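Quick notes on the structure that follows.
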Amino acid sequence: MRKIRKILIGQSGGPTVAINSSLAGIITRAHEEGIEIYGMQNGIEGFLNGRYSNLTALFFPQDTPQKRATDQHQHTVELLAKTPSSFLGSCRYKLPEVSEETPVYQDIECRLNSLGIDGILYIGGNDSMDTVNKLAAYFAQRDNDVSVIGIPKTIDNDLEGTDHAPGFGSSARYIATIVRELARDSEVYGKPNITIVETMGRDAGWLGAASALAREKNEEAPDFILLPEVAYDEERLLRKTAELFERKNSVVIVISEGVRRPDGSTLLDKSHMKMDAFGHLADQSGNALYLAELFQKHFDAKIRGINLNSLQRCAMHSSSKTDLTEAFELGKAGVDALLAHKTGCMIGLQRLSDVPYQAEIRCIPISEIANRVKSVPAEMISDDGLW
């Protein structure tokens, strides 16, 4: 096995407040081990187009074997860990099915060889783990000992193999706070009103479900939570809302962007919407708008439809310290996995206890993760599907 001297890092998918913390963890641990660090610009797609940079030269420009990083350079890495979005840029690029004859894989291998790369760390969510899985499979076919490790990142929290994903905790905190504040705002006039809050969550409703945390502060809101795990039932929603108006003037509803009708269709007509490389709708949002228009037809009330959109994934002011710390440690653990010559796996978290909260880092085979979705369990959803 080749010694790990140079590594390549990529970030892909939607950015979060924690993704750069994982990058900072990787840079910190790799530099401690004297490993040269390169970064893909705009993920695997950018790398295929020849876009990459030397992160060692960028973050430690005056470093030599005789003189390690200065406090100033280390401070720069620490600032990176507290910066939202993806420092290296992102992409949504789907690699083709694995074949030794596929030009794209030959191109990747050639570029890696020219740089002398010994290992790859790819930070992302479900689609990114598909990239990790395919690269690891290709190198295995080729008897190429370049290691490939995935580092989890997704506010959707729908990755298998890890108790939770970095980015989710911070977004959950933001959503719960916003819902609690909106609930108070909606009560001031004492007149009938409905506030609809739309969260991200294409396939799983973890973000929408997190709004239930607003109730920990003795709020009634949210009154209903609609998740992708439950087919949309318009008649039931209208009936339950009418029942609520018999005893209160303000109704707060949270709906995930991925909520669908029983036949799988979107609430808004998106038959002409473009799809991304992974077959997902290029624009998932619109459910808050749909419900606002629906309720306007059925209730004499003030209606507000609020789409949190990108706010829920970039709100560094609402970031969780635990979230950022775990993201950093997972990045460091990714480098350790490369040094141990592991490949084709993702670094994840296994919960040990709730009170006090404890979790440990483990390495999970990527074949158990890629192209799978961790849904909100049925036992966490009410019988009527509205909570």
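Any residue in the stretch 261-278 that is exposed (fewer than 10 other Cβ atoms within 10 Å of the Cβ) sitting within a Cβ distance under 9 Å of a residue that is charged (D, E, K, R) and modelled with pLDDT of 60 or more? List the pairs, counting only those 6 or more apart or interchain.
Matching pairs, first to second residue: Pro262/Asp233.
Testing Val17 on (1) surrounded by 23 or more Cβ atoms within 10 Å (Cβ to Cβ); (2) under 20 Å from Ile117 (Cβ atoms), one condition comes back false. Which one is that?
Going through (1) surrounded by 23 or more Cβ atoms within 10 Å (Cβ to Cβ); (2) under 20 Å from Ile117 (Cβ atoms) one by one, Val17 breaks only (2).
For Asp384, are the conditions met, namely being open to solvent by 60 Å² or more (accessible area, probe 1.4 Å) and either of a type in the set (Asp, Glu) or under 28 Å from Ser211 (Cα atoms) (or both)?
Here the answer is no, as Asp384 does not meet what is asked.
Is it the case that some residue within the stretch 328-349 is touching a Phe, Trp or Tyr at 6+ places or on another chain (Cβ under 6 Å), modelled with pLDDT of 95 or more and not polar (S, T, N, Q)?
no
For the stretch 94-117, enumerate the residues that are of a type outside the set (Lys, Arg), open to solvent by 10 Å² or more (accessible area, probe 1.4 Å) and in contact with a helix residue (DSSP H, G or I) (Cβ under 9 Å, 6 or more places away or on another chain).
Pro96, Glu97, Val98, Ser99, Glu100, Thr102, Val104, Asp107, Glu109
Any idea which residue in the stretch 279-289 is modelled with the lowest pLDDT, counting only those that are open to solvent by 40 Å² or more (accessible area, probe 1.4 Å) and of a type outside the set (Asp, Glu)?
Only one residue tops the list, namely Ala282.
Say whether the condition of being of a type in the set (Asp, Glu), farther than 15 Å from Ile364 by Cα and out of contact with any helix residue (DSSP H, G or I) (no Cβ under 7 Å at 6 or more places or on another chain) is met by at least one residue in the stretch 175-183.
Scanning the stretch 175-183 turns up at least one residue that is of a type in the set (Asp, Glu), farther than 15 Å from Ile364 by Cα and out of contact with any helix residue (DSSP H, G or I) (no Cβ under 7 Å at 6 or more places or on another chain).
Are any residues in the stretch 231-260 within 26 Å of the chain's Cα centre (by Cα) and either under 16 Å from His298 (Cβ atoms) or open to solvent by less than 40 Å² (accessible area, probe 1.4 Å) (or both), and if so, which ones?
Selection gives Tyr232, Val252, Ile253, Val254, Ile255, Ser256, Glu257, Gly258, Val259.
Give Leu338, Leu349 a once-over and let me know the one that is assigned to a helix (DSSP H, G or I), touching a strand residue (DSSP E or B) at 6+ places or on another chain (Cβ under 8 Å) and farther than 13 Å from Ser22 by Cα.
Leu338
Pairs under 7 Å by beta carbon, first residue closer than 17 Å to Pro152 by Cβ in the stretch 337-352, partner charged (D, E, K, R) and open to solvent by 70 Å² or more (accessible area, probe 1.4 Å), six or more apart or different chains?
Gly348/Arg362; Gln350/Glu360; Gln350/Arg362
Please list, ordered by first then second residue, the pairs with beta carbon atoms under 9 Å, 6 or more apart or interchain, first in the stretch 147-172 and closer than 13 Å to Gly13 by Cβ and charged (D, E, K, R), second in a strand (DSSP E or B) and open to solvent by less than 20 Å² (accessible area, probe 1.4 Å).
From residues that are closer than 13 Å to Gly13 by Cβ and charged (D, E, K, R), the pairs are Lys153/Gln11; Lys153/Ile123; Lys153/Gly124.
In the stretch 155-174, which residues are within 17 Å of Ser86 (Cα to Cα) and in contact with a helix residue (DSSP H, G or I) (Cβ under 7 Å, 6 or more places away or on another chain)?
Passing the criteria: Ile155, Asp156, Pro166, Gly167, Phe168, Ser170, Ser171.
Could you check, for the stretch 56-71, whether at least one of its residues is surrounded by fewer than 20 Cβ atoms within 10 Å (Cβ to Cβ) and closer than 16 Å to Thr131 by Cβ?
There is no residue in the stretch 56-71 that is surrounded by fewer than 20 Cβ atoms within 10 Å (Cβ to Cβ) and closer than 16 Å to Thr131 by Cβ.
Six or more apart or on different chains, Cβ atoms under 7 Å: show the pairs whose first residue is in the stretch 200-216 and free of Cβ contacts under 8 Å to residues at least 60 places away in the same chain and under 19 Å from Gly264 (Cα atoms) and whose second is among the acidic types (Asp, Glu) and open to solvent by 10 Å² or more (accessible area, probe 1.4 Å).
From the stretch 200-216, the pairs are Gly201/Asp156; Gly201/Glu257.
The values are calculated or read from the model by the stated rules, or taken from the named source; none is laboratory data. Just so it is clear, the structure is predicted and the values come from calculations on it, not from any experiment. When we count neighbours, we look across all protein chains shown, and the Cβ atoms used for this are built from the backbone with ideal geometry, even at glycine. These area figures cover heavy atoms from the full protein model, side chains too; ligands, DNA and RNA do not enter into them. Shrake-Rupley method; radii C 1.70, N 1.55, O 1.52, S 1.80 Å.
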